[in-house]
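Notes for the one structure printed next.
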Amino acid sequence: MPQLKEFSVEERLSSLINLQKIDSKLDEIKILKGELPMEVADLEDEIHGLHARQTRIEEEINGVTEFIEERKNAVKDSEALIKKYEKDSDNVKNNREFEAINKEIEMQQLEIKLAEKHIKDANEEISEKVELLDKAKKNIATKEGTLEVKKTELEKIIAANEKDEKHFLKLSQEAKANVEERLLGSYTKIRGNFRNGLAVVPVLPDACGGCFYAIPPQKQSEIKQHKKIVACENCGRILVDEELNNNVELK
Ligand SMILES: [Zn+2]
């Protein structure tokens, strides 16, 4: 039986750092996988909504265009009536008839003016709607561009993911075998406590790299000495000095 190797604190810390780095890679993959499909689905929904908006504006423009055609026809009708009345006025028998015809002509002239006003307003309305339509179309083009990028990204991640995930899962198993059971238990528990999955963090200049709680100089030098495993008083994460943290590199 080979004798069980007694690990130094530094070795134990290095193993933990290694495991943390591997697990963080797995977390990264999970996050990428977890959020991109949602982003793609959201964008697809949004684009669908924008297309509906585009269709609605186009229909509104068609409606106003039809209204303009109606008003133009009304103008033509009034013009035809005026011509007819003018012809009639050549054959009037008395003043009363003449005045009556003149009144009709005046009324048709007013009708034409009113229709022309409607047409002018409707044309302004169309200009505004065309502007809205342009904006909607540009918005759709932008979103579709983003969607394409995200979709491609997602496909790449899914393709790359399988390989990477398998690779890091294997590494994680190997790294776990190098950490004592009790320490591994604490590590797993702490990791589960935080959304970012960080159980082992470097000391930033003067604070915990996980919760930014200040670490007094005395404790900082303890951490650097690698004589015992030190946890953050505030969040409970295992603290390591930056140098040791940087020395552990992922393969
Ligand atoms: Zn902390």
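The values are calculated or read from the model by the stated rules, or taken from the named source; none is laboratory data. In this text, all values refer to a predicted model and were calculated from it rather than measured experimentally. When we count neighbours, we look across all protein chains shown, and the Cβ atoms used for this are built from the backbone with ideal geometry, even at glycine. All accessible areas refer to the heavy atoms of the entire protein, side chains included, with ligands and DNA or RNA removed. Shrake-Rupley method; radii C 1.70, N 1.55, O 1.52, S 1.80 Å.
Note on the chain: Cα convex hull, mean projected area over all directions, 23.5 nm². Between region 175-197 and region 57-127, the alpha-carbon centres lie 85 Å apart. Contact order, relative form, for region 67-116: 56 percent (alpha carbon pairs under 8 Å, 6 or more residues apart, mean separation divided by residue count). Take the chain with all the other protein chains still there, run a 1.4 Å probe, and you get 69 Å² of accessible area per residue. In a DSSP loop and with at most 15 other Cβ atoms within 10 Å, the trypsin sites (Lys or Arg not before Pro) in region 12-108 are Lys93. Take every Cα pair under 8 Å whose residues are at least 6 apart in sequence, average their separation, divide by the length of region 188-251, and the relative contact order is 31 percent. The angle separating the long axis of helix 95-177 from the principal Cα axis of greatest extent in the chain is about 10 degrees. Karplus-derived 3J(HN,Hα) values for region 226-242, using 6.51 cos²θ - 1.76 cosθ + 1.60 with θ = phi - 60°, are 6, 9, 8, 8, 10, 10, 5, 5, 7, 10, x, 5, 7, 9, 10, 6, 4 Hz; glycine and proline are entered as x.
Taking amide hydrogens as modeled 1.01 Å from N in the peptide plane, which residues meet the under 5 Å criterion relative to Ala231, leaving out close sequence neighbours? Amide H to amide H, under 5 Å and 5 or more residues apart or across chains, Ala231 pairs with Leu239. Couplings 3J(HN,Hα) for region 22-39, derived from phi with the Karplus relation 6.51 cos²θ - 1.76 cosθ + 1.60 (θ = phi - 60°), are 5, 5, 5, 4, 5, 4, 4, 4, 4, 5, 4, 5, x, 9, 4, x, 5, 4 Hz, where x marks Gly and Pro. The apolar share of the surface of region 91-171, taken as the fraction of accessible area on carbon and sulfur atoms (1.4 Å probe, ligands and nucleic acids excluded), comes to 54 percent. Taking the 0 to 90 degree range and rounding to the nearest ten, how far is the long axis of helix 181-193 tilted relative to the main principal axis of the chain, both from C-alpha atoms? Helix 181-193 sits at roughly 20 degrees to that axis. Taking all Cα pairs closer than 8 Å and separated by 6 or more residues, the relative contact order of the chain comes to 29 percent.
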